[in-house]
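The values are calculated or read from the model by the stated rules, or taken from the named source; none is laboratory data. Being a predicted model, the structure only gives us computed values, none of them experimental. Please note: Cβ atoms are built from the backbone with ideal geometry, for glycine as well, and neighbour counts cover all protein chains shown. Remember, those area values only see protein heavy atoms, side chains included, never the ligands or the DNA or RNA. Shrake-Rupley method; radii C 1.70, N 1.55, O 1.52, S 1.80 Å.
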Amino acid sequence: MTLKLTNTMMTAKNKIFILPILVLLFSLNACYFPAYRTVAETSLYDISFTEGKWFLNYVTINGKPFSDFSDYSEKELQNCLYDSLYLSYGKRKSIYNVPILTAKNSNQSLSLLRATNTIDYVIQITGSIGDNDIGGITFKPMKNAEKSTASITFKVYEVATEKMIYSQTTSGEIVVENNREDVLFGKSAQTILKKCLEKGMKQFKKSGGCK
């Protein structure tokens with residue numbers, strides 16, 4: 001009992017000792033925070049989750065499937081669309097396959113989907129990582145300006161009209177000036193990407209009438 005109490009006291013003392021060191025460390029070095037912005041190509045309020053059936057494609061990052069982001073998006077939108085949500089994977093997988101829509105294939109793919117008379121809207125979430133020069137904590141001197149950038153785009157295609165009716169992109173960026181030699185506290189492009197998805201999803205749900 002005495003030994004357990006002593007260990008607890010030592011742990012508490014260690015925390016008290018470490019805390020001022022961390023505060024001093026952060027004050028003597030550079031902390032950088034990403035700047036985010038959202039740009040819409042269409043009106044953000046021309047969609048409604050109360051109407052029609054919605055197909056959610058798997059999320060891709062730099063053209064490759066990203067399962068963690070797909071699972072997150074499914075969970076968030078399931079709370080809004082319920083039985084009106086259909087997926088390209090998992091428990092609510094649809095009987096048809098919709099490729100990642102691009103300017104080259106969207107008309108043909110939507111035309112084929114329209115013929116099935118089963119889905120009204122296609123949700124497509126794509127992301128990209130640009131520069132990825134900065135990690136969470138960086139000790140190396142920076143002789144050149146470095147940065148981390150990422151973005152997430154939400155799009156909705158209306159099957160009946162075969163047109164894109166919703167598009168918004170959330171991007172994040174950290175830029176560090178050159179000739180820094182102190183310890184840098186920043187965020188990686190992967191961390192920025194996740195935040196872009198969360199911010200983009202919040203706006204998307206709001207646009208569809210779901211909070």
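Every listed requirement among (1) among the aromatic types (Phe, Trp, Tyr); (2) loosely packed, with under 15 Cβ neighbours inside 10 Å; (3) at pLDDT 90 or above is met by Phe139 save one, (3).
Checked against the criterion of being modelled with pLDDT of 65 or more, open to solvent by 60 Å² or more (accessible area, probe 1.4 Å), among the acidic types (Asp, Glu) and more than 16 Å from the chain's Cα centre (by Cα), the candidates Glu181, Glu198, Glu173, Glu177 yield just one match: Glu177. Scanning the range 45-64 for residues being within 13 Å of Thr153 (Cβ to Cβ), open to solvent by less than 30 Å² (accessible area, probe 1.4 Å) and assigned to a loop (DSSP other than H, G, I, E, B) gives a total of 2.
Restricting the first member to the range 112-131 and to residues that are farther than 21 Å from Ile61 by Cα, and the second to residues that are among the basic types (Lys, Arg), the beta-carbon pairs closer than 8 Å and six or more apart or on different chains are Thr118/Lys53; Ile119/Lys53; Asp120/Lys53; Tyr121/Lys53. Take the conditions (1) farther than 20 Å from Ser207 by Cβ; (2) modelled with pLDDT of 95 or more; Ser148 misses just one of them, which is (2). Flag not set for Glu158, criterion: surrounded by fewer than 18 Cβ atoms within 10 Å (Cβ to Cβ), at pLDDT 80 or above and within 24 Å of Glu41 (Cα to Cα). For the criterion of being open to solvent by less than 60 Å² (accessible area, probe 1.4 Å) and within 23 Å of the chain's Cα centre (by Cα), Ile119 fails.
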